[in-house]
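S.K.: Shown below is the structure under consideration.
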Ligand SMILES: Cc1cc2nc3c(=O)[nH]c(=O)nc-3n(C[C@H](O)[C@H](O)[C@H](O)COP(=O)(O)O)c2cc1C
């Protein structure tokens, strides 16, 4: 509403672009649910000129970074209302195995950035979306000389009760770091998936050749591989067994 989340999004964008300029990156805003009369009373400035998102847009992305201005320690109703309209994507599993990160802003230092991210994770879990935490190597979270937003859950900013505190340089740097890390994780997955798919196709076509040369062969190379594959289960104590 007061553009802090928008400012963080712009920094995250810079971080993503620093990794690979070929990544297609789009910023959106969710539909507003409050009447203009109420927004005026809240001294809300005009909204940034961003397209309004629809659920289908989520299905096109490999990764999604959600930015929440905290409301009572969790995401705003506007965002919840948008996410509640993604039932069709849920039933088709369209968001399964996509990646998501979270960033947020609060008026106060302990106003709920962690709970905002934590409570949003239920949406990710139900959609089968893989959550990517911040994983920042920057030293700021261990320092006490300056108030900063953000933490392991994602970048963040503290706006002050009248929303007059600008996003600080450290918060901006952390946001860029989040974008960079997120892009690296998503790109690694997307590129790796392509390699695996290409290898699988090659293997299948070499199987076809083997079978056409020796049609009596009872088991193909791929079949053999599948049969010898181990199934991994994780048990209660310290070990990983098959
Ligand atoms: C209804 C309402 C509830 C809010 N709840 C919280 C809260 O729980 N904790 C907090 O620190 N700030 C709270 N705020 C302040 C907003 O989080 C803050 O204005 C927002 O993060 C600013 O981000 P923006 O500039 O992107 O709008 C609340 C604001 C509103 C209007």
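The values are calculated or read from the model by the stated rules, or taken from the named source; none is laboratory data. Source: prediction; values computed, not measured. Glycine gets a Cβ as well: all are built from the backbone with ideal geometry, and neighbour counts include every protein chain shown.
S.K.: Within region 149-164, can you find the residues that are near the ligand (Cβ under 10 Å from one of its atoms) and surrounded by 17 or more Cβ atoms within 10 Å (Cβ to Cβ)?
M.R.: Matches in region 149-164: 149, 156, 157, 158, 159, 163.
S.K.: Which pairs turn up if I take residues in region 1-18 that are surrounded by fewer than 20 Cβ atoms within 10 Å (Cβ to Cβ) and look for partners that are at pLDDT 95 or above and in a helix (DSSP H, G or I) with beta carbon separation below 7 Å, at least 6 apart in sequence or on another chain?
M.R.: Listed pairs, sorted by first residue: 13/179; 14/176; 14/179; 18/180.
S.K.: Could you tell me whether any residue of region 44-56 is touching a residue at least 60 places away in the same chain (Cβ under 8 Å) and either over 25 Å from residue 96 (Cβ atoms) or touching a strand residue (DSSP E or B) at 6+ places or on another chain (Cβ under 9 Å) (or both)?
M.R.: Pass one, region 44-56, residues touching a residue at least 60 places away in the same chain (Cβ under 8 Å): none.
No, the conditions are met nowhere in region 44-56.
S.K.: Here is a check on your reading of the model: is residue 94 touching a helix residue (DSSP H, G or I) at 6+ places or on another chain (Cβ under 7 Å), surrounded by 18 or more Cβ atoms within 10 Å (Cβ to Cβ) and in a loop (DSSP other than H, G, I, E, B)?
M.R.: For residue 94, the condition - touching a helix residue (DSSP H, G or I) at 6+ places or on another chain (Cβ under 7 Å), surrounded by 18 or more Cβ atoms within 10 Å (Cβ to Cβ) and in a loop (DSSP other than H, G, I, E, B) - is not met.
S.K.: Given the conditions (1) within 18 Å of residue 62 (Cα to Cα); (2) not in a helix (DSSP H, G or I), and given that residue 123 satisfies all but one, which numbered condition is not satisfied?
M.R.: (2)
S.K.: Related question: Taking region 124-140 as the search range and keeping residues that are modelled with pLDDT under 95 and surrounded by 10 or more Cβ atoms within 10 Å (Cβ to Cβ), which one is farthest from the ligand (Cβ to nearest atom)?
M.R.: In this case the residue turns out to be 135.
S.K.: Hey, another quick one. Looking at residue 178 and the list (1) at pLDDT 95 or above; (2) farther than 18 Å from residue 153 by Cβ; (3) buried (at least 16 other Cβ atoms within 10 Å of the Cβ), which single condition is not satisfied?
M.R.: Just one mismatch for residue 178, condition (2).
S.K.: Inspect region 61-76 for any residue being part of a helix (DSSP H, G or I) and either within 13 Å of the ligand (Cβ to nearest atom) or surrounded by 13 or more Cβ atoms within 10 Å (Cβ to Cβ) (or both) and give the result as yes or no.
M.R.: no
S.K.: Within region 61-79, count every residue that is under 16 Å from residue 28 (Cβ atoms) and without any contact (Cβ under 8 Å) to a residue 60 or more places away in the chain. Don't jump to the end; show me each part of the working.
M.R.: Of all residues in region 61-79, those under 16 Å from residue 28 (Cβ atoms) come to 61-69, 75-76, 78-79.
Right, trim to without any contact (Cβ under 8 Å) to a residue 60 or more places away in the chain and you get 61, 66, 75-76, 78-79.
Final tally of qualifying residues: 6.
S.K.: Moving on. Criterion first (within 21 Å of the chain's Cα centre (by Cα) and over 17 Å from residue 140 (Cα atoms)) does residue 200 satisfy it?
M.R.: Numbers: within 21 Å of the chain's Cα centre (by Cα): no; over 17 Å from residue 140 (Cα atoms): yes.
So residue 200 does not fit the description; no.
S.K.: Name the single residue that is farthest from the ligand (Cβ to nearest atom) among those in region 1-37 being modelled with pLDDT under 95 and in contact with a helix residue (DSSP H, G or I) (Cβ under 8 Å, 6 or more places away or on another chain).
M.R.: Result: 20.
S.K.: Run residue 45 past the list (1) away from the ligand (no atom under 16 Å from the Cβ); (2) part of a loop (DSSP other than H, G, I, E, B) and report the number of the one that doesn't hold.
M.R.: Residue 45 satisfies every listed condition except (1).
Yes/no matrix, rows are residues, columns are (1) surrounded by fewer than 13 Cβ atoms within 10 Å (Cβ to Cβ); (2) part of a strand (DSSP E or B):
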residue	(1), (2)
24	yes, no
27	no, no
58	no, no
78	no, no
82	no, no
89	no, no
101	no, yes
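S.K.: Just one of the numbered conditions (1) over 15 Å from residue 183 (Cβ atoms); (2) touching a helix residue (DSSP H, G or I) at 6+ places or on another chain (Cβ under 6 Å); (3) assigned to a helix (DSSP H, G or I); (4) within 14 Å of the ligand (Cβ to nearest atom) is not true of residue 40; which one?
M.R.: (2)
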